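**Q** Mind looking over this structure? Questions follow.
The values are calculated or read from the model by the stated rules, or taken from the named source; none is laboratory data. None of these values were measured; they are calculated from a predicted model. As a convention, Cβ positions derive from the backbone with ideal geometry for all residues, glycine included, and neighbour counts pool all protein chains shown.
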Amino acid sequence: MKKILCMAAALALAGTGMAGAFGGIMDTEAGYGYNSAADGIHSAHIEVKPIPKVAVGAEYRHWNNRGNETDVYAKYKIGHFYVGAGNRNYYDRDARMFGLIEGKANVLGPLDAYAGLLVSSEERQYKAGLKLDLVPTAFDIDVNYTYYDRDDVDNEGGVGVGLNYHF
């Protein structure tokens, strides 16, 4: 857990410097999340939008009592949806390429709803949630449900909560 918190803080500080260096043209989000699936999952992520409609990112997940996973991905925005591809390094099997689709819509004022599907040859991951702006254009809180449908292991789902910083 300490590693994840340190990584999230370092990413936030690095991103702040990066945004200043590029004159604020890069929209960046860094965050920490916890999900109750299995014995608990801690995660840290960063996502950068270097140009309009394109996002690249990375996410590190620590499954309590199991191991770590890392995703690296890129996605392209089409209307209210993103389509993309990436690579997931698993803790218990070979890395796999995946495809993804995500959608997001404003529900009311500072509240957004979102859903996503990630598919690889090893799994399908479904996620749906709500994001609430706590401080507009700076912090938001994320509440979600994620279901992991993996081959050769028990399928697991859980409720998650996260805090994200935008810069």
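**Q** Can you tell me which residues in region 143-158 are under 14 Å from Gly116 (Cα atoms) and among the acidic types (Asp, Glu)?
**A** Of everything in region 143-158, just one residue is under 14 Å from Gly116 (Cα atoms) and among the acidic types (Asp, Glu), namely Asp149.
**Q** Another question, then. Looking for something in contact (Cβ under 8 Å) with a residue 60 or more places away in the chain, among the acidic types (Asp, Glu) and within 24 Å of Ser36 (Cα to Cα) - is there at least one such residue anywhere in region 102-120?
**A** To start, the set of residues in region 102-120 that are in contact (Cβ under 8 Å) with a residue 60 or more places away in the chain comprises none.
No - not one qualifying residue is present in region 102-120.
**Q** When region 133-148 is examined, which residues are found to be loosely packed, with under 15 Cβ neighbours inside 10 Å and either closer than 16 Å to Ala37 by Cα or among the aliphatic types (A, V, I, L, M) (or both)?
**A** If we filter region 133-148 for residues that are loosely packed, with under 15 Cβ neighbours inside 10 Å, which is where we start, we get 134-139, 141, 143, 147.
Within region 133-148, Leu134, Val135, Ala138, Ile141, Val143, Tyr147 qualify.
**Q** Okay, moving on. Taking only region 49-61 into account, find how many residues are closer than 18 Å to Arg88 by Cα and surrounded by fewer than 19 Cβ atoms within 10 Å (Cβ to Cβ). Walk me through it before giving the result.
**A** Of all residues in region 49-61, those closer than 18 Å to Arg88 by Cα come to 55-61.
Narrowing further to those that are surrounded by fewer than 19 Cβ atoms within 10 Å (Cβ to Cβ): 56, 58-59.
Qualifying residue count for the region: 3.
Yes/no per residue for (1) within 23 Å of Ala105 (Cα to Cα); (2) part of a strand (DSSP E or B); (3) at pLDDT 95 or above; (4) touching a His at 6+ places or on another chain (Cβ under 7 Å):
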position	(1), (2), (3), (4)
Tyr32	yes, yes, yes, no
Asp39	no, no, no, no
His45	yes, yes, yes, no
Lys77	yes, yes, yes, no
Val83	yes, yes, yes, no
Arg88	no, yes, yes, no
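**Q** With the structure loaded, tell me whether Leu134 is farther than 30 Å from Arg66 by Cβ and out of contact with any strand residue (DSSP E or B) (no Cβ under 7 Å at 6 or more places or on another chain) or whether it fails that test. Working first, answer last.
**A** Working: farther than 30 Å from Arg66 by Cβ: yes; out of contact with any strand residue (DSSP E or B) (no Cβ under 7 Å at 6 or more places or on another chain): no.
No.
**Q** Failed condition for Asn65, given (1) in contact (Cβ under 8 Å) with a residue 24 or more places away in the chain; (2) closer than 17 Å to Asn35 by Cβ; (3) part of a strand (DSSP E or B), with all others met?
**A** For Asn65, the failing item is (3).
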